[in-house]
Each structure stands twice: as C-alpha cells, then as structure tokens.
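Asks: Quick one: structure below, then a few questions.
The values are calculated or read from the model by the stated rules, or taken from the named source; none is laboratory data. All values reported here derive from a predicted model rather than from experimental measurement. We place every Cβ from the backbone using ideal geometry, glycine too, and count neighbours over all the protein chains shown. What goes into the accessible areas is simple: the full protein's heavy atoms, side chains included, and nothing from ligands, DNA or RNA. Shrake-Rupley method; radii C 1.70, N 1.55, O 1.52, S 1.80 Å.
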Amino acid sequence: MFALPKLQYKFDALEPVIDAQTMELHYSKHHRSYTQKLNDALMKHKGLAEASIEEILGQKNLPLVLRNNGGGYYNHTLFWESITPSAISAAQLTELTQGSTSSQYSRLKQALDRDFKSVENFKKDFSQAAETQFGSGWAWLVEQQDGRLVVGSTPNQDSPLMVDIQLHGRPLLLLDVWEHAYYLKYQNRRVDYVANFWQIVNWIKVLERLTD
Ligand code: MN
C-alpha cells in the first residue's frame, strides 16, 4: 500500500508562483486520488504487492490502470520534492551558476554545461518542452543510461521509468503541465507558469538525483 507523502512545506509556501488553493487541490485531491486508485488497482495485481513504485513502473506491458495511477502517484511525489520556496531556490541557483569549482553544485553545472552548453540554455530547452507538450503531461530532465542528460516531455502520467518511453532514464527534474497544476492562477497562460517555475526549482534535489 502506498501512502500520500507528507509535503515538506505549507500550501502557501510557493506563493506567488503556485497559489495556495492550487497546491491544496493538487495535493489533497489529485495526488490523493492517484494514490487511492493505485492501491485499489494493486489489490487486483497481487504479484506486485511487495514491489516498489519504481519496480512497478518498470514492468513490461504495464496495465493501463497501473500506468496512469502509478505514474500519477510517482510523478507527483517527485514533483513536490522538486520545488521549494523561492528564497531557497534563488540561493541554490546562485551557487549553481556562480559557485566555485569546489561547490557541491559543480558536478551538476558541469553536466548541464556539457549537454546543453549552459544552465541558461538547459532552462530554455526544458521550458520549450513544457510549453509544447500538447495537452496534459510532464516536462522532464532525464539522465540516460549512457550518462547523458536530455530534456523532453511525456503525455498523461507517463514517466521516464516506463520501459516503452522514448525518454527512458533516471528523472532529475520534472514539471507538471496538466491544466490542474496552473489553471486557477494562470488560466491558459502556460508560458507564464513555466517561466515562473524557475523561481522555485529545488536544485539540491536535482543534484542528489544525478548519478555519481
Ligand atoms: Mn498534477
């Protein structure tokens, strides 16, 4: 059985980038619903009763109900950890972009510089993936098996952990571009939501997820 993970901040902590009402509905309604439906579906798939969410999503021929609700459970769990109040994010970004080579972030900066030419260029590519995902889905920064970092998007609740995803690999950062993630505050202006997202990225989590 999976449990709705505890949020590490209050619903209003990400204001004004993400408003408190959106956070509350997104977490208490949407994420809770994915969690419950995942647990319900696992009652009918007893073979996966002891599996981790990563193991479930990595199954070949994953049943659609587990794909949608397992993906929804996992993606949102990762997303909440990937964002943080803007003052914390700003300090992290300064160290990432301007810190010395002995900074803990230099490993991440080197990887982004190597595969996107610069942190700025990475942000541009990721933003474009988020803006152009048609309909509901997610934008991702993924570490491929060969160590290369790539950006892209997935529809619905698909995740890079799924074996049939072209963007297969280890997720480092993600952004929810379902309308439920931004419509109350931004209405149809997904571009503004994506631009503001960079104020609340939890860069230490991106760094921690990067393979040594
Ligand atoms: Mn969502």
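Asks: Restricting attention to segment 26-43, report how many residues are open to solvent by 70 Å² or more (accessible area, probe 1.4 Å) and farther than 17 Å from Val65 by Cβ.
Replies: Looking only at segment 26-43, we keep the residues that are open to solvent by 70 Å² or more (accessible area, probe 1.4 Å), and these are 29, 32, 36-37, 40, 43.
In the following step, the residues that additionally are farther than 17 Å from Val65 by Cβ were identified as 29.
Residues that pass the stated criteria total 1.
Asks: For segment 90-103, which residues satisfy the criterion of being outside any helix (DSSP H, G or I) and either open to solvent by 40 Å² or more (accessible area, probe 1.4 Å) or of a type in the set (Phe, Trp, Tyr) (or both)?
Replies: Ser100, Thr101, Ser102
Asks: Take the residues in segment 64-89 that are away from the ligand (no atom under 16 Å from the Cβ) and under 10 Å from Trp203 (Cβ atoms); name whichever of them is most open to solvent (accessible area, probe 1.4 Å). Outline the logic, then answer.
Replies: First pass over segment 64-89, keeping only residues away from the ligand (no atom under 16 Å from the Cβ): 64-66, 84-89.
Still in the running and under 10 Å from Trp203 (Cβ atoms): 84, 88-89.
Values: Thr84: 13, Ile88: 83, Ser89: 2 Å².
Restricting to residues being away from the ligand (no atom under 16 Å from the Cβ) and under 10 Å from Trp203 (Cβ atoms), the top hit is Ile88.
Asks: Scan segment 103-158 residue by residue and report those that are more than 15 Å from the chain's Cα centre (by Cα) and among the β-branched types (Val, Ile, Thr).
Replies: Val119, Thr132, listed by residue number.
Asks: What pairs can you find where one residue is in segment 69-82 and not assigned by TED's automatic domain parsing to the domain that holds Gly169 and among the hydroxyl-bearing types (Ser, Thr, Tyr), the other is at pLDDT 95 or above and near the ligand (Cβ under 10 Å from one of its atoms), and their Cβ atoms are less than 6 Å apart, with a gap of 6+ or different chains?
Replies: Close Cβ pairs satisfying both conditions: Tyr73/Tyr34.
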